Each structure stands twice: as C-alpha cells, then as structure tokens.
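Here is the structure we will look at.
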Amino acid sequence: MEAWRRGLNDPVSAFPVAKAGPAHIATLKTFDPPLEKLEGRRFRGAERRGKRLLFPTEDGELVLVVHLMTAGRLKSLRSGEAGPKTPAFRLEFQGGSKLVLTENAKKKRAGVWLLAPDAVAEELAYLGPEALGLDADGLGEILRRESRRLHPLLRDQRAIAGIGRAWSNEILHHAKLSPYALSTDLTDEEVERLATAMNVELARGLELRESGASDDRTYRVHRKLGEPCYVCGMPIAQVDFEEHTIFYCPNDQTGGRVLKDRRLSRLLR
C-alpha cells in the first residue's frame, strides 16, 4: 500500500477531476455524498492509513477512501493510454489521465468510499499503530495484552495496521518464529527479533515494489510451497484455511514439526 501511495501521489494531484465514475455496484460503498461531488476538485495527494489509501481533496471537504483487499489493483493511466474496458471504479482527470481500480476475483471485495474528513477519522479510529516503524517496546505492549497466535495477531488491523497475509508469512519466517507461537510466551529477545523482522521485511518489500518487482520476486516464503527455504533449503510447507494460507519453514520456524492442515487434522503447536 505504501508503494502504491508513493506512486500515485503526484498523478492524482496533477489535475482536477473531470469525471468521477462509473463504479461497480459492489465496489462503491457510499452514496452520499455522490461521486459527482469530486468533479472539478483537485486532490491534495495520496495518503495511507493501514491498508487503506486516502485521497483528500485540496479544499479539505472530501476524502476518497480505497481498500484494495486481496485482488484489487489501482493504476494511474496517462492520457491516451489503454486501460480496462470495465474497471470496478474509474476517475478521469482534466487533461485525460485516469485512475482505475480493477479486481480480478469472483467475489468483489475491494471498496471505494467518499466521505467527509470527520467520517474518515471515525471510520479508521479502530486501527492500531502502523507496522512500519513500530519498535520492540511498542510491539511488546501489543503482544502482551492477551494470549494470541502470532499469525492472526499480525494480521489484525486493530492491533497493528498495515500487515496482511503475505507479509505475516515473510515476517515470521525472518524472525524464525512459529505462526502458532503464543504472543504472551515470547521472550524479550524474540520480541526484539519480531520487531526487527517486521521493519526489515516491510522496508524490503517497499523497495522492491517501488522498483516494479512482481509478487514472485518480492515474496520469498509466501506462495512458495515445496520450494527450498532461502535460508536452510528445506521445502516450504503450508497450512490451508478457508480464507488464507500460512506458508512457513518447518526447520527454521517450528523445530522440524509440520503443522497439520486444519481441514484434515488437528493442529500441532
């Protein structure tokens, strides 16, 4: 999200909006104010809070909020550049450039909201601190609030904002911690390792995304089932859930133990 924010900041603020929409009925989550209220206004730039992209208008009256979920993609098109025929959402700017949202998935989960600034603040008030830049002391406070398994805790936006499924896999592998380790069981040294891994991995991902790297090049553990671990060479394993998959190295993270697929067997800690 941060790489998208940086890449979109200049294009969205270069010209006023000429035409707002159309938007897929499943993508547009608000109707008042209508999208047409954006027309003639200029964005101040692109901002981010957690996994949401925010585009506040220069006059301070409106904010366009975009959540890409898993399959959403947001792209800036230059004037005359070909784009998708039926995007989930589109903005056209004076001068001909466009901002388009696509979602290549059966379930349309990406969302677009047009809100007043106070409504945005209320909407995002539940989010925890940003993951990038969080130190060991701050992370330790979060981990010790209640006993939770690390993988779902890292993905919980109420606890820590900005980490999704893929980066939970990358971070926990870097930290050499089991996805099912309990947050309250971590030693101070393990908390320090996790905080370091979080910042190192997110910074690495940001650098690669800004250079245009693909998912395959960016991820070293996520979606690498059966491929050799880049640290020890053991094949990467996975645990499948209905909505997500955990990828991990049994040698580096679980002491050689294989975590059983919950759909087939009970979990091993």
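The values are calculated or read from the model by the stated rules, or taken from the named source; none is laboratory data. The structure displayed is predicted, hence computed values, not measured ones. Because the Cβ atoms are built from the backbone with ideal geometry, glycine has one as well, and the counts that use them run over all protein chains shown. Note: areas computed on protein heavy atoms with side chains; ligands, DNA, RNA excluded. Shrake-Rupley method; radii C 1.70, N 1.55, O 1.52, S 1.80 Å.
Could you tell me how far the Cα centroid of the stretch 94-155 sits from the Cα centroid of the stretch 220-259, in Å? Here the two parts' Cα centres lie 25 Å apart.
Working with all protein chains in place, sort Thr245, Thr27 by solvent-accessible area computed with a 1.4 Å probe, largest first.
Ranked list, largest accessible area first: Thr245, Thr27.
Note on Lys260: accessible area approximately 90 square angstrom, rounded to 10, probe 1.4 Å, nucleic acids and ligands left out. Amide H to amide H, with H built 1.01 Å from N, Arg49 comes under 5 Å of Leu54, counting only residues 5 or more places away or on other chains.
The candidates Arg49, Arg145, arranged from most to least accessible area with a 1.4 Å probe in the full protein assembly, appear as Arg145, Arg49. Could you give the angle, 0 to 90 degrees to the nearest 10, between helix 165-175's Cα long axis and the longest principal axis of the Cα atoms of the chain? So the inclination is approximately 40 degrees. Percent of C-alpha pairs per 5 Å bin in the stretch 87-151, short distances first: 3, 11, 12, 13, 13, 17, 14, 9, 4, 3, 1. Here the stretch 191-213 and the stretch 34-63 have alpha carbon centers that stand 28 Å from each other.
With respect to the chain, whose longest principal axis is taken over its alpha-carbon atoms, helix 2-13 is tilted by about 10°.
Within the listed set Glu242, Glu192, Glu170, the Gaussian network model of the chain (springs between alpha-carbon atoms below 10 Å) gives the highest mean-square fluctuation for Glu242.
Just check the stretch 1-49 against the gyration tensor rule for me: Cα atoms, a ≥ b ≥ c as the square roots of the eigenvalues, rounded for a/c under 1.5, and otherwise prolate or oblate depending on whether a/b exceeds b/c. Since a/c reaches 1.5 but b/c is at least a/b, the shape of the stretch 1-49 is classed as oblate. Can you give me the % of accessible surface on the chain that is carbon or sulfur? Probe 1.4 Å, all protein chains present, nothing else counted. Of all accessible area on the chain, carbon and sulfur atoms account for 49 percent.
Compared with the dominant Cα axis of the chain, that is its longest principal axis, helix 188-210 is turned about 40°.
Using only the Cα atoms, work out Rg/Rh for the stretch 26-129, with Rh taken as the Kirkwood radius, to two decimals. Numbers along the way, then the final one.
Working: Rg = 13.7 Å, Rh = 14.4 Å.
We get a ratio of 0.95 for the stretch 26-129.
Between Glu123 and Lys29, the modelled labels are 0.6 nm apart [label points 7 Å from Cα along Cα→Cβ].
Taking θ as phi - 60° and the Karplus parameters 6.51, -1.76 and 1.60, the scalar couplings of the stretch 123-140 work out to 5, 9, 5, 6, 5, x, x, 5, 5, 6, x, 6, 8, 5, 5, x, 5, x Hz in sequence order, x denoting glycine and proline. Residue separation of Glu81 and Ser147 scaled by 0.36 nm, minus their Cα-Cα distance, works out to 18.7 nm of gained length. In plain terms, the chain from Leu225 to Asp59 could stretch by 54.9 nm, reckoned as 0.36 nm per residue minus the Cα-Cα distance.
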